[in-house]
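The values are calculated or read from the model by the stated rules, or taken from the named source; none is laboratory data. Computed from a predicted model, the values in this text were never measured in an experiment. Here Cβ is always computed from backbone atoms with ideal geometry, including for glycine, and neighbour counts include all displayed protein chains. The accessibility values were calculated without ligands, DNA or RNA, using every heavy atom of the protein model including side chains. Shrake-Rupley method; radii C 1.70, N 1.55, O 1.52, S 1.80 Å.
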Amino acid sequence: MKDRLCIMIVDDESIVRESFKRWFEKSGHRVLTAASGAEALRRLEAEPIDLLFVDIKMPGMSGLELLDRVSADFPDASVVIITAYGSIDTAVNAMKKGASDYLLKPFKPDQLDLVLEKISQQRRLSRQFNYLKGHLEQITRFDNIIGRSEAMQEVFALIPEVAASSAPVLLTGETGTGKELIAKAIHATSDRAPCPFVPINCGALPESLLESELFGHVKGAFTGAERSSKGFLEIVDGGTLFLDEVGEISPRMQVDLLRVLQEHQVVRLGSRHPVDVDFRLISATSRQLDPRRVEQGVREDFFYRINVIHIDIPPLRRRKEDIPLLVDHFLKKLAHHTSKRVDRLTNAALMQLTAYDWPGNVREVENAVERAVVLAKSRTLDNGDFAFLQPSGIPSDGRTSLKEVERRYICQVLADCNQNVTRAAEVLGINRTTLHKKINRYGIQRSEGTKGDGGRNDRGRGSGR
Amino acid sequence: VGVVPAGSDLLSAAKVVAGHVTGFLQLACQVLPEIAGPTFALDRQRHQYNAGRIIDFYDQCGCSGPAKVIYLVNLDLFEPVFTHVFGESRMGGRVALVSVHRLMPTEPAQPPHWGLERVAKVALHELGHLFALTHCDDTGCLMHFAGDSGVLDTIPLLFCRYCRQSLEEALIRYCRLPRSRV
């Protein structure tokens, strides 16, 4: 079936515009018209156009100038140049500048049909190519982890080195920084790639269920165990086990897991027979794990066993140069998954996104872009589309009171220092007592159990991206 | 539906068109009295007649009886961007224009009824547009676009089942006919 396209006719003669419009509407296409190049660009900003028929000679902006602008700013749109004054040179010039075809007025009706069929075919192939490319990127290597910042480049450089061994890896980073993607990348780059990658969010399962899920059980091991079942430690055989939020595992199960890591054998619940297992363990946490802190419940022997190789993924606010790349990536991704075509961003919007701190990191960027795309009224996102990112109570006109600036700055420094008041006071150049007073005055909330000098910055338990 | 011969020697073509409209669409169709050809639409540079102008004229000043009117002419029609057109109409409009000029056989070996069959095909196609049908991808359907008479000859005198369905729904809307009439 032929594609129904959105076509724009750009010609200064209304009789030509109407003639084209009538013909294309008879084929079921949606047709817009513009009397000049400037009007065409304005309409292109407002909504996506599949195909433009552009008269080469127009007052003001010529057809070739418009072709240049469209090729540069709207590369998804195809352009067919039409003219009554044909010459080989003009045709060659137009094609060199990126025109999809060239028609000499007047032309036979079936010529137009052929051009349309050719362009529809090109667009179908291009869509298939982009879909398959996107799909391939999702399943291969780590091309879909976005980041050109120095911090992320260091992480990327580590991935192939780490993948070459089977040593346990501990990934740390705030929620939404992409820990699971890094784990998948390590798995996909390693020799274990043909075997399973099994992710488990330890924070999402109660202890008894997690134990059964990991170790498996034999029939009758507990009430409801009606048949024997393999645990993930057996299922993952040869592959990679990814334990997200590993700090949530109880000390008792840490002992059991430690034994598995050392012996490479697992015993199902209710059984006495060990089964050989071979897997690589990658753990992740959004907390600052410290076995010396008893309240965290992390055993020292277990911590050092899982923390053979440590990769810290920096939060987005420390690599803001990655934000434009991420936004562009998510716009393209959404274009594949939704019928809505929003593919552009104004500079003002980009500045707003770059200035924002993104406490939810990459996941928050993805959600924000998706929300903006769903609610967008035109194909170009402006800063108004991201108004929901403004923290409540703060005027959106950029005027912020001195107190608010101080409060936010203290919050930021505390977060950077993992809520360590002594270090934060040093950074701020004030003593601890003054900082405590300011924290109380501004009502700054710190995570429970983190007050004091060795605190942590717990931003929640979400699984890594 | 009314069929108006707009020019001389078009009566037999008008009867053929009326017969096909009645036979295919089971719609009452009558041949209306002959009128003069729309020579006012001559473009002196192209030596052809502007189909859009003719339709606009008949839409405003033509006969007022039938719900849809097909005007037959023996003039070489054009649209500003095209070299020629066999017929012209507006989506969902009232007036269609069909020219026999490029449809009649030019070689003696071709029997004259070929030309009349082409005229009937173009008339049914344009009538389809008057009932808001769009071009069809099916090469075996009367609503498939044919830019030259060679392609037109390969299209059978049939609407595909999708276009038949659309036409039936359009006729129900326009004429308040019971279902399965077409």
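The simple Förster model, with R0 at 30 Å and r as the Cβ-Cβ distance, assigns residue B:63 and residue B:9 a FRET efficiency of 0.90.
Give me the net charge for the shell around residue A:22: Cβ to Cβ below 11 angstrom, other residues only, Lys and Arg +1, Asp and Glu -1. Value of the local net charge: 0. Computed 3J(HN,Hα) for the stretch A:303-317, one whole-Hz value per residue from the Karplus formula 6.51 cos²θ - 1.76 cosθ + 1.60 where θ = phi - 60°, is 4, 5, 6, 7, 9, 5, 10, 10, 10, 9, 9, x, x, 5, 5, glycine and proline marked x.
Applying a threshold of 31 Å to the alpha-carbon distances of A:108/B:121; A:377/A:403; A:184/A:230; A:57/B:68; A:340/B:68 flags A:377/A:403; A:57/B:68; A:340/B:68 as lying beyond it. Backbone N atoms of the stretch A:235-278 closer than 15 Å to the 7 Å Cα→Cβ label point of residue A:225 belong to residues A:266-275.
Computed from Cα atoms, the angle from the helix A:63-73 axis to the main principal axis of chain A rounds to 0 degrees. Per-residue shielding of A:16-22, expressed as the average number of other chain Cβ atoms within 10 Å of the residue Cβ, stands at 5. Diagonalising the gyration tensor over the Cα atoms of the stretch A:181-269 and scaling each eigenvalue by 5 before taking the square root yields semi-axes of 23, 15, 12 Å, largest first.
Helix-derived [θ] at 222 nm for the protein assembly as shown: sum -39500 (n - 2.57) over DSSP H runs of at least 4, divide by residue count, nearest 500?
That comes out to -13000 deg cm²/dmol.
Around residue A:264, what is the net charge, scoring Lys/Arg as +1 and Asp/Glu as -1 over all other residues with Cβ under 14 Å from its Cβ? Can you show the working numbers first?
Values: positive: A:259, A:280, A:305; negative: A:234, A:237, A:256, A:263, A:276, A:278.
Here the count lands on -3.
For chain A, the relative contact order works out to 14 percent when only alpha carbon pairs closer than 8 Å and six or more residues apart are counted.
Residues of B:48-57, mean number of Cβ from any other protein chain within 10 Å of their own Cβ, rounded to a whole number?
Values: counts 1, 0, 2, 2, 4, 1, 0, 1, 0, 0.
Across the residues of B:48-57, the mean count of other-chain Cβ atoms within 10 Å is 1.
Rounded to the nearest 10 degrees, the angle from helix A:323-337 to the longest Cα principal axis of chain A is 70 degrees. For chain B, the calculated P(r) over all alpha carbon pairs, in 5 Å bins from 0 to the bin holding the longest distance, is 1, 8, 17, 22, 22, 16, 9, 3, 1, 0 percent.
With the cut-off at 1.5 for a/c, could you classify the stretch A:173-213 from its C-alpha gyration tensor as rounded, prolate or oblate?
oblate
Averaged over peptide A:102-111, the number of partner chain Cβ atoms lying within 10 Å of each residue's Cβ comes to 4.
I need the fraction of alpha carbon pairs in the stretch B:69-141 separated by more than 16 Å, rounded to a whole percent. The proportion of pairs with Cα distances above 16 Å equals 53 percent. Using only the C-alpha atoms, the convex hull of the stretch A:230-279 corresponds to 81 Å³ per residue.
Nearest 10 degrees is fine. How inclined is helix A:251-263 to the longest principal axis of chain A, computing both from alpha carbons? Compared with the principal axis, the helix lies near 80 degrees. Excluding residue A:60 itself, what net charge comes from residues whose Cβ is under 10 Å from its Cβ, given Lys and Arg +1 and Asp and Glu -1? Charge balance near residue A:60 sits at -3.
Per residue, what volume in Å³ does the convex hull of the Cα atoms of the stretch A:1-120 enclose?
On the way: hull volume 11.5 nm³, N = 120.
Per residue, the Cα convex hull of the stretch A:1-120 comes to 96 Å³.
Buried accessible surface for the B/A pair, both sides summed and rounded to the nearest 100, is 1900 Å² with a 1.4 Å probe. Using alpha carbons only, how many angstrom separate the centre of the stretch A:169-230 from the centre of the stretch B:113-128? Going from one Cα centre to the other spans 70 Å.
Compactness of the stretch A:259-402 is given as radius of gyration and Dmax, 22.7, 68 Å, from Cα positions. Give me the tail of P(r) for the protein assembly as shown as a percent: Cα-Cα pairs with distance above 40 Å. Taking all Cα-Cα pairs of the protein assembly as shown, the fraction more than 40 Å apart is 53 percent. Relative to its residue count, the stretch A:245-343 spans a Cα convex hull of 190 Å³ per residue. Using the Cβ-Cβ distance between residue A:118 and residue A:346 with R0 = 51 Å, the FRET efficiency computed as 1/(1 + (r/R0)^6) comes to roughly 0.90.
Amide hydrogen proximity for residue A:313: with H placed 1.01 Å from N in the peptide plane, the residues at 5 or more positions away or on another chain lying under 5 Å are A:172, A:173. When each of the peptides A:334-341, A:193-200 is scored by the mean number of other C-beta atoms lying within 10 Å of its residues, the order from highest to lowest reads A:193-200, A:334-341. Using a Förster distance of 30 Å, how high is the FRET efficiency between residue B:151 and residue B:34, based on the Cβ-Cβ distance and rounded to 0.05? The value I calculate is 0.50.
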